[in-house]
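The structure appears right after this line, and notes come after that.
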Amino acid sequence: MLHKYRASTKLFSDFNTPQFASVMAMVVFVILLVFMTVPTGHHGVGADLPHLSHAVPMPGALREDVMKVAILRDGKVYFGSEQIRFGDLSAKIQDRLKDREVEHKVYIVADMRARWGIVKVVLEQVRSAGIIRVAFLAN
């Protein structure tokens, strides 16, 4: 009976470290892959949105093909998730309008600390692209 006990400990005494490390690496890789593919709310662009007491829900802003312009507090402007210059915004919008299924509306996500002069230039670029319907997103 003592002999069977020794045999069972011998069974567990051979620990294969490289196999264990490879399995753990695969687990970490899968977890990282899951977190990297989870979509973000603002397509990777973060802005502190202003808070309103009488905001109107805009479910159309959550669609993937929506034209969204983000203005950050440091003055950077993003069209979707791509950083652009002010002068390129009108051309980018006109390129997107070539697709007939795109909504002819631009959603602007402006940081509450963004300078009004930058917001004004962005609005002028949106208007020059032929967009009349503009919505500001807020909390």
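The values are calculated or read from the model by the stated rules, or taken from the named source; none is laboratory data. This structure is a prediction, so every number in the text was calculated from the model and none was measured. Cβ sites come from the backbone with ideal geometry, for glycine too, and all protein chains shown count toward neighbours. Surface areas here come from the heavy atoms of the whole protein model, side chains and all, with no ligands, DNA or RNA. Shrake-Rupley method; radii C 1.70, N 1.55, O 1.52, S 1.80 Å.
Details
- Single condition Arg133 does not satisfy, out of (1) within 29 Å of Val38 (Cα to Cα); (2) touching a Lys or Arg at 6+ places or on another chain (Cβ under 7 Å); (3) charged (D, E, K, R): (1)
- Positions within the stretch 58-88 being in contact with a strand residue (DSSP E or B) (Cβ under 8 Å, 6 or more places away or on another chain), in a loop (DSSP other than H, G, I, E, B) and either at negative phi or at pLDDT below 85 (or both), in sequence order: Met58, Val66, Leu72, Lys76, Arg85
- Every residue from the stretch 89-126 that is charged (D, E, K, R), out of contact with any strand residue (DSSP E or B) (no Cβ under 8 Å at 6 or more places or on another chain) and free of Cβ contacts under 8 Å to residues at least 40 places away in the same chain: Asp95, Lys98, Asp99, Arg100, Glu101, Lys120, Glu124
- Residue match in the stretch 27-43 (condition: modelled with pLDDT under 80, over 16 Å from Val109 (Cβ atoms) and open to solvent by 100 Å² or more (accessible area, probe 1.4 Å)): no
- Residues (assigned to a helix (DSSP H, G or I) and within 20 Å of the chain's Cα centre (by Cα)) located in the stretch 89-103: Leu89, Lys92, Ile93, Arg96
- Residue identified as under 22 Å from Leu52 (Cα atoms), open to solvent by 40 Å² or more (accessible area, probe 1.4 Å) and touching an Asp or Glu at 6+ places or on another chain (Cβ under 8 Å) among Arg73, Arg115: Arg73
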